[in-house]
Amino acid sequence: MKYIVIGSSAAGVNAVRELRKVDPSAQIVLISKDRNIYSRCILHQYLCGKRTIERLNFAEQDFETLYKVDWMKGREVTGLDRAAKEVILENGERVSYDKLLIATGSHTFIPPIKGLAGAKNFIGFRNIDDIEVLKEVPKTCKNIVVLGSGLIGIDCTTGYLEMGVKVTLVDFAGWLLNRQLDKRAAQTYIDKFAEEGIDQHYGVGVSEVIQNEDGYITNVILTDGTDLTCDFFVITAGVRSNIEFLQDSGLELSKFGLVYDATGRTNDPDIYGAGDVSGTSPIWPVAVKEGLIAADNMAGKNAAMTDFFASKSTMTFCGIHTMSLGNVTPPDDDPSFEVQTYDKNGVYKKIVTQDGVIVGALLQGDLAYGGVLQQLIARKIDVRRVKKPIFEVDYSDFFHIDDENYQFYYDE
Amino acid sequence: MYRIKIDRSRCIGCLTCVTSCIVSHETDSADARNRVVIDSQTRPAPIFCRHCDKPECVFTCMTGAMHKNPETGYVEYDKNQCASCYMCIMSCPYGVLKYDSIRNKEIMKCNMCTHRDPKGNPMCVEKCPMHAITLTEVEK
């Protein structure tokens, strides 16, 4: 059996590990544009010099030999010939497969901003190459404008802050991390950033950018008319899946990305997908699990993605920690939601319930043992039987241990 | 592999295990890597890392700091590789994990006291007066 895995990030690397575990004698080929294995979630620590490129590696140092994988680094798959069961590389070379996993991830989405086309001084915050550029930017540029205050935009902002560089932050949403935080939790960061000297503009978009005759952006004009001086423009306004090379392949694609089922299988029984390439849940743990599950099924071991709960994140910015789970901003006018909050001494907690089931939770300043909440939300467990304050909910009321291996489990 | 077997019916909530854990690890913040919690019927429940067969903390770790040792089966944690992103805290289904209370950097993760004996020799098990927790060999 010969497997090809395309992509060497969370989904691809874990798929290789699992393929080797399940199929010790198989030939495994890993093809990636990346020359190194590195975690995109900690690029901000590389930006500010807290972490070297070696310490961005989330896999074993001897990954290639340990898993006996033929790794074609720095190579790009540009086409797919399903009839011949071959992938086509950038130089026309063809590599054959019996089973193929597409874990090509996603790339920075560049919105169609007036005046942006052809500009030389803008970039995303996605790949190691982006960060290499961004590391050098403060040496020559004073005014850095970051578009987007999602997790990536704030990673970039705080990475720069660690270097003593104060960016200007712009987001169309009413507050930063709008998907993860309610206004109260966001305000903690907004106030902290203001204190640190970050110029913040929320509730406004970019109406246009002004280029000089040499092709450099000099000004960013916001929809409220604000004119920002700009020497470098960083765009973190979402991602798009890397499916360009599949356009003529006959594989089913949605407007978000590659389509595959809970086992990872696409409409071609020998081709699987995992991770951000689906364009549906671009978070690390989903990519890892999809990689493992696709690998199991490719190697003939049945597995399916059952944990679809992907609306979750943790963050630490300026030493302030937050965990966000599910729906933390229910509509004000819907009486079926009950909201309980705790807000004291730098700790803010909010739990949203509906008919006795927790649907959302925010923990800021104290995350200890918060993992139980994710299970209660994902499993829709009725928590009305818990006779303690909801903020003190723990596993004791759901405690089950199996008699054979003594692992915990949920029975609900 | 070895796992700490929990007999909940024997636990009286004396917290000797929690103290033992702090002593064994000499953690300056005096945080434990295990806990005993009380349910709505006031029964104690010992919550100890299971070193799961399918460890959610490992699946969610974006740096490789949390990893399963294929030989011992223990889920090991490398604090130097850790980025303190806390995704593992969020992912542990049983609420075993937290960060240290002084620097908020290090995850309080059970290592089966492999610093005492590479094969694992948890001090909590040794000190439990009720034998509610015992070291037992398991399939997975």
ask   = Let a ≥ b ≥ c be the square roots of the eigenvalues of the Cα gyration tensor of the range A:33-180; is it rounded (a/c under 1.5), or, if not, prolate (a/b larger than b/c) or oblate?
value = prolate
note = Taking Cα pairs closer than 8 Å and at least 6 residues apart, the relative contact order of the range A:113-224 in percent is 30
request  = Go ahead and set up a Gaussian network model of chain B, Cα springs under 10 Å, then flag whichever of B:Pro55, B:Pro44, B:Pro118 fluctuates most.
outcome  = B:Pro118
request  = Quick one: order B:Ser40, A:Ser149, B:Ser9, A:Ser207 by neighbouring beta-carbon count within 10 Å, fewest to most.
outcome  = B:Ser9, B:Ser40, A:Ser207, A:Ser149
note = In terms of the charge dipole of the range A:51-93, which places +1 on Lys and Arg and -1 on Asp and Glu at the beta carbon, the residue among A:Tyr67, A:Val87, A:Leu56 farthest towards the positive end is A:Leu56
remark   = For chain B, any Cys whose C-beta has no other cysteine C-beta under 4.7 angstrom counts as unpaired, and these are B:Cys11, B:Cys14, B:Cys21, B:Cys52, B:Cys61, B:Cys82, B:Cys85, B:Cys92, B:Cys113, B:Cys128
inquiry  = Restricting to DSSP loop positions (anything but H, G, I, E, B) with no more than 15 other Cβ atoms inside 10 Å of their own Cβ, which trypsin sites (Lys or Arg not before Pro) remain in the range A:213-284?
reply    = A:Lys255
For peptides B:89-100, A:37-48, B:106-117, sequence by mean Cβ density within 10 Å, most packed first = B:89-100, A:37-48, B:106-117
request  = Take the alpha carbon atoms of the range A:146-223, find their center, do the same for the range A:103-124, and report the distance between the two centers in whole angstrom.
outcome  = 17
ask   = By per-residue mean of other Cβ atoms within 10 Å, what is the highest-first order of A:78-85, A:277-284?
value = A:277-284, A:78-85
query = Once you charge only the Cβ atoms, +1 for Lys and Arg and -1 for Asp and Glu, what is the size of the charge dipole of the range A:57-137 about its Cα centre, to the nearest 20 debye?
reply = 400
request  = Before rounding to the nearest 500, sum -39500 (n - 2.57) across all DSSP H runs of length at least 4 in the protein assembly as shown and divide by the residue total; then give [θ] at 222 nm in deg cm²/dmol.
outcome  = -5500 deg cm²/dmol
request  = Please identify, among A:Gln211, A:Gln180, A:Gln247, the residue showing maximal mean-square fluctuation in a Gaussian network model of chain A using a 10 angstrom Cα cutoff.
outcome  = A:Gln247
remark   = If each part is reduced to its alpha-carbon centroid, the range A:378-406 and the range A:248-288 end up apart, in Å, by 34
Rounded if a/c under 1.5, otherwise prolate or oblate - the range A:36-113, Cα gyration tensor axes = oblate
inquiry  = Taking each residue in B:35-43, count the Cβ atoms of any other chain within 10 Å of its Cβ, then average. What number comes out?
reply    = 5
remark   = Taking Cα pairs closer than 8 Å and at least 6 residues apart, the relative contact order of the range A:174-303 in percent is 12
request  = Mind checking B:1-8 for the average number of partner chain beta-carbons within 10 Å of each residue's beta-carbon?
outcome  = 2
message = Would chain A count as rounded, prolate or oblate if I go by the C-alpha gyration tensor, calling it rounded below 1.5 in a/c and otherwise prolate when a/b exceeds b/c, oblate otherwise?
response = oblate
query = Quick one: putting +1 on the C-beta of Lys and Arg, -1 on the C-beta of Asp and Glu, what dipole do you get for chain A around its Cα centre, in Debye to the nearest 20?
reply = 420
remark   = Per DSSP, the loop-located chymotrypsin sites (Phe, Trp or Tyr not before Pro) within the range B:1-83 having at most 12 other beta carbons within 10 Å are none
remark   = Nearest 10, in degrees from 0 to 90: the angle of helix B:16-25 to the longest Cα principal axis of chain B is 30
request  = Rank B:Thr72, B:Thr42, B:Thr63 by mean-square fluctuation in a GNM of chain B with C-alpha springs under 10 angstrom and give only the top-ranked residue.
outcome  = B:Thr42
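Throughout, read-outs are computed from the coordinates displayed, never taken from laboratory work. Just so it is clear, the model here is predicted, and its values are computed rather than measured. Using ideal geometry, Cβ is built from the backbone for each residue, glycine included, and neighbour counts are taken over all protein chains shown.
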